[in-house]
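Chemist: Quick one: the structure is below, questions incoming.
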Amino acid sequence: MSSMKKLLIFALATTLAWTFALPALARPLLVAAASDLGYCIDELVGAYRKTAPDAELKVSLGASGNFFAQIRNGAPFGVFLSADMDYPRQLAGLGAADGATLAPYATGRIALWSTDPRIDPARGLASLVRDERVLRVAIANPVTAPYGRAAKALLERDGLWAAVQPKLVVGENIAQTAQFVQTGNAQLGIVSFSTLHATRLKGVGRYALVPHARLAPIEQGAIVTRAGANHPHAARFLRFLASNEARAILARNGFDLPPGPAR
């Protein structure tokens, strides 16, 4: 074999090696994030990229239960930021995520919210559900959205679940639920407090926070999935979420923080 042919073969082999190596090194980290993070996720990603300029993160927002089903069935999300701890814990149990990486990153709260000037959320849920001016009450889907599950638990605890059925409108996720209220299609919504920190919603309508004593904390959990096990930024991004900088961003956007010092 001539030296020129050997050189060409070597060059081709080298090119192919780089071609197959690049995706492992440069592929974006796909992040599945609960909808209540929609108003601060860009800020979190931007802050992370300052610590890791080579990182490329692509975020999808949606209901945690839908992401759970997708990841369980092989969707290539490398990180899952759930609105509860249960979905990522289940993924770990199924072998679809690394249980050792599971950690709470925020605690959510829910609020009663209305943009109708006739409706004052401070009157309380029982009074509002029975108010004839409240034609529609919006909550997120209790089957797939942890905030919807929390809303249902609150209504059941107050003995209002049956009474609210004729008025109930259900959003696919908490963002769609808020949209129902913002557009006036629902006179009352049970939404995440973080939703009301969105730039376009600050100061819109009136809200009343549901007291801690009336509802169990909505602990939100992050985990590295099986698809993210070998991605250089998956575990690193989760560690960043526990940093003082990330915690400050979350607190500024209406989240309570997990107890204990940042790692």
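Chemist: For the stretch 41-187, how big is the tail of P(r) above 26 Å, as a whole percent of Cα pairs? Spell out each step's value before the answer.
Modeler: Working: 4009 of 10731 pairs.
Value for the stretch 41-187 (Cα pairs over 26 Å): 37 percent.
Chemist: Can you divide the C-alpha Rg of the stretch 110-209 by 2.2 N^0.38 Å and report the result to two decimal places?
Modeler: 0.93
Chemist: Next up: Kindly express, to the nearest 10 degrees and within the range 0 to 90, the angle between helix 41-51's C-alpha long axis and the longest C-alpha principal axis of the chain.
Modeler: It is inclined by approximately 40 degrees.
Chemist: Additional query: For the stretch 152-243, what's the radius of gyration and Dmax over Cα atoms, in angstrom?
Modeler: Radius of gyration, then largest Cα-Cα span, for the stretch 152-243: 17.5, 51 Å.
Chemist: Then there's this: Among Leu128, Leu209, Met85, whose Cα projects farthest towards the positive end of the dipole of the chain, with charges put on the beta-carbon of Lys, Arg (+1) and Asp, Glu (-1)?
Modeler: So the residue furthest toward the plus end is Met85.
Chemist: At each listed q (0.16 Å⁻¹), what is the log10 of I(q)/I(0) that the Debye formula gives for the stretch 188-242 modelled as equal alpha-carbon point scatterers?
Modeler: Evaluating at q = 0.16 Å⁻¹ gives log10 I(q)/I(0) of -0.74.
Chemist: Could you work out the relative contact order of the chain, using alpha carbon pairs under 8 angstrom and six or more residues apart, expressed as a whole percent?
Modeler: For the chain, the relative contact order is 28 percent.
Chemist: Please list, in order along the stretch 250-257, the HN-Hα scalar couplings obtained from phi with the Karplus expression 6.51 cos²θ - 1.76 cosθ + 1.60 (θ = phi - 60°), rounded to whole Hz, x for Gly and Pro.
Modeler: Rounded to whole hertz, the list is 5, 5, 5, 9, x, 9, 7, 10.
Chemist: What is the count of Lys pairs in the chain whose alpha carbons sit under 27 Å apart, if the two are 8 or more places apart or on different chains?
Modeler: Counting lysine pairs in the chain gives 5.
Read-outs: derived from the displayed coordinates by stated rules, not from any lab. All figures in this text were calculated on a predicted structure; none of them were measured in a lab. Here the Cβ is made from the backbone with ideal geometry for all residues, glycine too, and neighbour counts use every protein chain on show.
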